[in-house]
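Step one of this worksheet: look at the structure below.
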Amino acid sequence: MKKYTKTHEWVEPDGTRATVGITDHAQGELRDIVFIELPKKGAGVSQGAACAVVESVKAAFDIYAPLSGKVIEINPKIEEDPSLVNQDPEGAGWFFKIEIADAAELDGLLDEVTYYKLLRGEAQ
Amino acid sequence: MNTEAHKTVLYDEHVALGAHMVEFHGSLMPMEYAGIIAEHTKVRNDCGIFDVSHMGELEVRGEGAFRFLQHAITNDLSKSYPGKALYSPLCNEQGGIVDDIIVYCFSRDHYLLVVNSANRQKDFAWLQGQAALFDGVVCNDISDTTALIAVQGPRAEGILGSLLTGDISSVPRYTFRTVSCRGIEVMAARTGYTGEDGFELFIAVSEAALLWRALLAGGASPCGLGARDTLRLEACYPLYGNELTDETTPLEACLSWAVSLEKGEFVGGEVLRRQSREGMSRKLVGFEVVDRGIARSGYPVSNGDGKVIGAVTSGTFGPHVKKNIGLAYVGRQHSAVGSRIFIQIRNSATAARVVARPFYRTEALLYKK
C-alpha cells in the first residue's frame, strides 16, 4: 500500500522493493517541471535525505528519500520529458525504484488518509 | 518585507483570474495564471498582457529638464524628440548602474521616466539630488496614480488596435502616441520586455481595470512575472538586480549602444571613457548549457581547470528555444562566442558554451526599427 511523507513524496512497496515519486500536490505546487536529476542506479539513499532534484521554470527543489535503500532502477522517461511528472505524478511519472534496506522505516510514514488530512490542514 | 505589501490597482482582477500571487519588491504581483510555459508560448505566438503597474513613473519638468537629463543618463538625449522613447542606463559617479530606464519625451521641458519598481525610491532620491544642481527642474513621483499594462506578441497590434480610436499600426518601435480606448486616454508606447512586438499602455489607475478587461475580451491572455522573466531572458534583455547593479558598468553589461561617450559630461562618463579606452576585465555573455542542468543566478562559472572565472546572473529553461540558457559575467578572455565554460551546478562542473546573443529574435522586430 502506498505511503506518503510530510515532504510530499510517495512510496509504493512491492515485496522487498519499492517505487518512489512525488505526490500530485507536490507537482501542483512546483508547477511546470522542466528538469529532473535522479540518483544513479546502484546509489544508496537514506530516509529523509535529499536524493533527487526537481526544477520548475523558476527554481530547483530537493526531493527526499521516503525510505533507505539501494537504487535498482530509474525512470529515464521523466528525464527526457519532465512534464510527465506534472501529467501523471503518481503513475507514469515515478522517479526510481529501490531495494528496501529496512522495512520498519515504513511504519514512520503516513498512510493515504493521514496524508490527505495533512494537506487539508487537519493533522500534524 | 516589514510593511504590508502594496497591491496594484489590478490586484482583484488577478485574484479573480486565479493567479498565483507573490510578493515582488514590496508589491503583490501575479507570478503566473495558466503556467509560465503556456503564457510564454502565448506571447511568442499570439498575445499576452502583463500588469506592470508596479514599475515606477517619475516625471521631470521644467526649462532645465533636457540639460539635467542629458547629464543624468548615459544615452544621448539629443536623439530624442516629442513622442520618442529612449532606453538608457543611469550611472553613479563610479560608472556603476543605478538603474536602467526608459525616458519618454513629451517636449524639451517635459519627460516621463519609467524605472524599476525596486529602485523607485533610490532613483527618485538620486534624481532629486542631481536635479538640485540644475536650475528649473522639478521631479515628481507619479507612480501611485499611473497604471501600466504591457500588451505583447504578434497579435498585440491587432487586438489593441481593435479597441482604440486612433491608429497605432503606424507607431514606430520606441515611440509613443496618445490614443483613446472607449473614451479613456491611453499613452501607447511601442516598447516591451519580451522580445516581441507590442505596446506598453500608460493609463490613470481609475481606468486600468476597464482596459485590462477589454484586452482580455479582445483575446489577449493574462501573463505573469514568471513568463515576463523567461521571455526577457530569451531576448537577452538585462534585469536590474541580476545583470545590472551599482557595481556593474553599462559597458560590461553590453549596453555600449546606450552609452554616448561623445555627448559631453554626464554622471559616470569619466569612468566609462577610461574603461572604454583601457578595456574591461569582465563581460556579460550569453551561454547554453551543453550537459544536463539548469544554471541559476549566483552559480559560479569556471574554466576547464576548475578556476572560477565568473558567475551566472540569470538562468532558466527557455520555453521557446527549448534549451537551458543563461547570462553570466566572465573574464574577458572567456567571452568570445564559442568559448567553453563550466557552470557549477550543485556538485558538478557542467559544460556550457558561450553563444551569440540574443537567444531569440523575431523578424517582426527587425522590420520595425
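Highlighted here are the strands (runs of 3 or more DSSP E) found entirely within the stretch A:10-102 that include at least 2 residues which are away from chain B (no Cβ under 14 Å): A:17-22, A:69-74, A:96-100.
Taking the stretch B:226-264, which residues are of a type in the set (Gly, Ala, Ser) and modelled with pLDDT of 95 or more?
At the first step, the residues of the stretch B:226-264 found to be of a type in the set (Gly, Ala, Ser) are B:226-227, B:235, B:241, B:253, B:256, B:258, B:260, B:264.
Scanning the stretch B:226-264 gives B:226, B:227, B:235, B:241, B:253, B:256, B:258, B:260.
Residues that are farther than 30 Å from residue B:72 by Cα number at least 3 in the following strands (runs of 3 or more DSSP E) confined to the stretch B:1-59: B:20-24, B:27-32. With respect to residue B:314, determine if the residue is surrounded by fewer than 17 Cβ atoms within 10 Å (Cβ to Cβ) and within 14 Å of chain A (Cβ to nearest Cβ). It is false that residue B:314 is surrounded by fewer than 17 Cβ atoms within 10 Å (Cβ to Cβ) and within 14 Å of chain A (Cβ to nearest Cβ). Counting the residues of the stretch B:340-365 that are surrounded by 15 or more Cβ atoms within 10 Å (Cβ to Cβ) and either without any contact (Cβ under 8 Å) to a residue 24 or more places away in the chain or hydrophobic (A, V, I, L, M, F, W, C) (or both) gives 12.
Is one or more of the residues making up the stretch B:350-365 within 14 Å of chain A (Cβ to nearest Cβ) and not β-branched (Val, Ile, Thr)? The answer is no, given that none of the residues of the stretch B:350-365 is within 14 Å of chain A (Cβ to nearest Cβ) and not β-branched (Val, Ile, Thr).
Kindly evaluate residue B:267 against the criterion of being of a type outside the set (Ser, Thr, Tyr), crowded, with 17+ Cβ neighbours inside 10 Å and either farther than 19 Å from residue A:61 by Cα or at pLDDT 95 or above (or both). Steps first, please.
Details: of a type outside the set (Ser, Thr, Tyr): yes; crowded, with 17+ Cβ neighbours inside 10 Å: yes; either farther than 19 Å from residue A:61 by Cα or at pLDDT 95 or above (or both): yes.
Against the criterion (of a type outside the set (Ser, Thr, Tyr), crowded, with 17+ Cβ neighbours inside 10 Å and either farther than 19 Å from residue A:61 by Cα or at pLDDT 95 or above (or both)), residue B:267 qualifies.
Just one of (1) part of a loop (DSSP other than H, G, I, E, B); (2) without any contact (Cβ under 8 Å) to a residue 40 or more places away in the chain; (3) closer than 19 Å to residue B:240 by Cβ fails for residue B:81. It is (3).
Given the conditions (1) charged (D, E, K, R); (2) touching a helix residue (DSSP H, G or I) at 6+ places or on another chain (Cβ under 8 Å); (3) within 29 Å of residue B:295 (Cβ to Cβ), and given that residue A:3 satisfies all but one, which numbered condition is not satisfied? If we test residue A:3 against (1) charged (D, E, K, R); (2) touching a helix residue (DSSP H, G or I) at 6+ places or on another chain (Cβ under 8 Å); (3) within 29 Å of residue B:295 (Cβ to Cβ), just (3) comes out false.
Taken over the stretch B:291-337, the residue count meeting the criterion of being touching a strand residue (DSSP E or B) at 6+ places or on another chain (Cβ under 8 Å), farther than 19 Å from residue B:359 by Cα and of a type outside the set (A, V, I, L, M, F, W, C) is 10.
Of the residues A:103, A:65, A:92, the single one that is touching a Pro at 6+ places or on another chain (Cβ under 9 Å), surrounded by fewer than 18 Cβ atoms within 10 Å (Cβ to Cβ) and at negative phi is A:103.
Of all residues in the stretch B:69-86, those that are within 24 Å of residue B:275 (Cα to Cα) and crowded, with 17+ Cβ neighbours inside 10 Å total 10.
Kindly check whether there is at least one residue in the stretch B:45-55 that is of a type in the set (Asp, Glu), touching a residue at least 40 places away in the same chain (Cβ under 8 Å), within 14 Å of chain A (Cβ to nearest Cβ) and more than 25 Å from residue B:135 (Cβ to Cβ). So far as the stretch B:45-55 goes, no, none of its residues is of a type in the set (Asp, Glu), touching a residue at least 40 places away in the same chain (Cβ under 8 Å), within 14 Å of chain A (Cβ to nearest Cβ) and more than 25 Å from residue B:135 (Cβ to Cβ).
Across the stretch B:298-319, the number of residues qualifying as part of a strand (DSSP E or B) and under 24 Å from residue B:38 (Cα atoms) comes to 5.
Considering only residues that are part of a strand (DSSP E or B), more than 23 Å from the chain's Cα centre (by Cα) and of a type in the set (A, V, I, L, M, F, W, C), look in the stretch B:322-349 and name the one that is farthest from the other protein chains (Cβ to nearest Cβ). It would help to see each step written out before you state the result.
Going through the stretch B:322-349, the residues part of a strand (DSSP E or B) turn out to be B:323-331, B:340-345, B:348-349.
Within this subset, residues satisfying the condition of being more than 23 Å from the chain's Cα centre (by Cα) are B:331, B:340-345, B:348-349.
Those still in the list that are of a type in the set (A, V, I, L, M, F, W, C) too: B:341-343, B:345, B:349.
Working: B:341: 19, B:342: 17, B:343: 13, B:345: 9, B:349: 15 Å.
My answer is B:341.
Per-residue answers, yes or no, for (1) outside any helix (DSSP H, G or I); (2) under 16 Å from the mean Cα position of the chain (by Cα):
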| site | (1), (2) |
| --- | --- |
| B:203 | yes, no |
| B:208 | no, no |
| B:227 | no, yes |
| B:230 | no, yes |
| B:238 | yes, yes |
| B:253 | yes, yes |
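The values are calculated or read from the model by the stated rules, or taken from the named source; none is laboratory data. Keep in mind that what you see is a predicted model, and the values were worked out from it rather than measured. Cβ coordinates were reconstructed from backbone atoms using ideal geometry, including for glycine residues, and neighbour counts include every protein chain displayed.
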